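Data first, discussion second: the structure below is written as structure tokens.
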Amino acid sequence: QVQLVESGGGLVQAGGSLRLSCAASGRTFSSYAMGWFRQAPGKEREFVAAISWSGANTYYSDLVKGRFTISRDNAKKTVYLQMNSLKPEDTAVYYCAATPGGATISISGYAYWGQGTQVTVSS
């Protein structure tokens, strides 16, 4: 069982940066692949980034590649999403998720979800 709590969201101007954190509870965090997803009002939840349990492999949506960076610190049981060059279209609730399987871009591949943190990018 893994419980996830996101933080770091907020209001930022276009071109700015934010770093989201996702703190996990549970003894086996280091064995879970982690993902970040987002959901804008009226839209479906979509994949943003994922990272393997070791951190050796990362995956990104084409929409954020080159601007966002996912990383993890297994000793701190935390996964991060560094978001640079933010755009108004990045506005959404951002969720982190965990899976005991391999890192995947599929929502259905994740068993555990956080409550989400709001990111708003003004133009």
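A few notes on this one:
- Taken together, the residues in the range 1-28 that are crowded, with 22+ Cβ neighbours inside 10 Å and not acidic (Asp, Glu) amount to 4.
- So TYR59, is it aromatic (Phe, Trp, Tyr), open to solvent by 20 Å² or more (accessible area, probe 1.4 Å) and within 29 Å of SER123 (Cα to Cα): yes
- Any chance ARG45 is touching a helix residue (DSSP H, G or I) at 6+ places or on another chain (Cβ under 7 Å), surrounded by 14 or more Cβ atoms within 10 Å (Cβ to Cβ), more than 18 Å from GLN1 (Cα to Cα) and modelled with pLDDT of 95 or more: yes
- Candidates THR78, THR99, THR120, filtered to the one that is touching a residue at least 12 places away in the same chain (Cβ under 8 Å) and more than 14 Å from LEU4 (Cβ to Cβ): THR120
- Strands (runs of 3 or more DSSP E) wholly inside the range 1-92 that include at least 3 residues being over 20 Å from TYR112 (Cα atoms): 10-13
- Top-ranked residue of the range 29-40 - restricted to ones that are farther than 18 Å from TYR59 by Cβ and modelled with pLDDT of 95 or more, ranked as least open to solvent (accessible area, probe 1.4 Å): ALA40
- Summed over the range 97-116, residues that are in contact with a helix residue (DSSP H, G or I) (Cβ under 9 Å, 6 or more places away or on another chain) and loosely packed, with under 15 Cβ neighbours inside 10 Å total 3.
The values are calculated or read from the model by the stated rules, or taken from the named source; none is laboratory data. Predicted model only: the values in this text are computed from it and were never measured. Heads up, the Cβs are rebuilt from the backbone with ideal geometry, glycines too, and the neighbour counts pull from every protein chain shown. Note: areas computed on protein heavy atoms with side chains; ligands, DNA, RNA excluded. Shrake-Rupley method; radii C 1.70, N 1.55, O 1.52, S 1.80 Å.
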